[in-house]
Amino acid sequence: MQTVTTIGFDIAKSVFQVHGVDAAGEVVIRRQLKRRSVLAFFQKLPPCLVGIEACASSHHWSRELQALGHTVRLMPPAYVKPYVKRQKNDMADAEAICEAVTRANMRFVPTKTPEQQSCLMLHRTRHLFIRQQTAVINSIRAHLAEFGIVAPVGRKGVMELLHVVADPGDKRVPEVARACLAALGTQLLRLKQQILEFDRMIMAPVQPNEQAPSLHSRGRSDTGNRSGRECC
């Protein structure tokens, strides 16, 4: 068998597709791999260029294959799409990746370290919790508005509404509705506490790395709008 020089590696949750060519561009390998067989397969190959679309788990596989001596290049899926020659499927995708990775004008995505991915996860999780917090606030406002109870926009207004919910003597709110609103209030407080904890983690000193300054700055810019947009 001729020596493989370039591989297009289409990753998935369980079954991966490999498309490999030699120095002349002739197809040498075209096969599927189960997740548990990936590292054993690449370990047997001589060092070669491996192209992968930048998506979920791509940075993990990039690090693993680089540890085996291969050169790995991650590419945005949108940049690979023009190279798909026929109906989209795993085999066609792997072939397209194999071709795209050799292009001189291709844009590549740097492989992130576990520490860099952890920093990104921190910001993404915080952003998710902020969206959930906003959704809970809007739900509380909308539900109480059905009983004619409204409050000004902002943190103070939300607290006024929660005081109404916590007052069993306020007969404007039926008991079933009060129980639901109390649960939403509890959820809101938990979200606020977790977001504050994330803020502390973001503002804490970080280990020097390429991503640290931008991530730290992003944390500062996001902190000013912790509760997102809430309705009137």
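The values are calculated or read from the model by the stated rules, or taken from the named source; none is laboratory data. Note that the structure is predicted; figures quoted are calculated from it, not measured. Because the Cβ atoms are built from the backbone with ideal geometry, glycine has one as well, and the counts that use them run over all protein chains shown. The protein model used for the area step is the full one, side chains on, heavy atoms only, and it has no ligands, DNA or RNA in it. Shrake-Rupley method; radii C 1.70, N 1.55, O 1.52, S 1.80 Å.
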Open item on the list: Out of the residues in region 131-153 meeting the condition of being touching a residue at least 60 places away in the same chain (Cβ under 8 Å) and in contact with an Asp or Glu (Cβ under 8 Å, 6 or more places away or on another chain), tell me which one is nearest to residue 184 (Cα to Cα).
Closed with: 137
- [ ] Output yes when any residue across region 149-159 is open to solvent by less than 20 Å² (accessible area, probe 1.4 Å), in a loop (DSSP other than H, G, I, E, B) and within 30 Å of residue 53 (Cβ to Cβ), and no when none is.
- [x] no
- [ ] Can you run down the residue pairs with Cβ atoms below 8 Å, 6 or more apart or on separate chains, where the first is in region 180-204 and among the acidic types (Asp, Glu) and the partner is open to solvent by 60 Å² or more (accessible area, probe 1.4 Å)?
- [x] 199/226
TODO: Select from region 94-110 the residues that are open to solvent by 40 Å² or more (accessible area, probe 1.4 Å) and assigned to a loop (DSSP other than H, G, I, E, B) and write down the one among them that is farthest from residue 6 (Cα to Cα).
DONE: 110
Task: Matching strands (runs of 3 or more DSSP E) fully within region 1-74 where at least 2 residues are of a type in the set (Phe, Trp, Tyr) - done: none
Task: Residue in region 1-45 that is least open to solvent (accessible area, probe 1.4 Å), counting only those that are farther than 16 Å from residue 65 by Cα, of a type in the set (S, T, N, Q) and touching a residue at least 24 places away in the same chain (Cβ under 8 Å) - done: 3
- [ ] Determine whether region 46-59 contains at least one residue that is among the polar types (S, T, N, Q) and over 30 Å from residue 198 (Cβ atoms).
- [x] no
TODO: All but one of (1) open to solvent by 20 Å² or more (accessible area, probe 1.4 Å); (2) in a loop (DSSP other than H, G, I, E, B) hold for residue 173, so report the exception by its number.
DONE: (1)
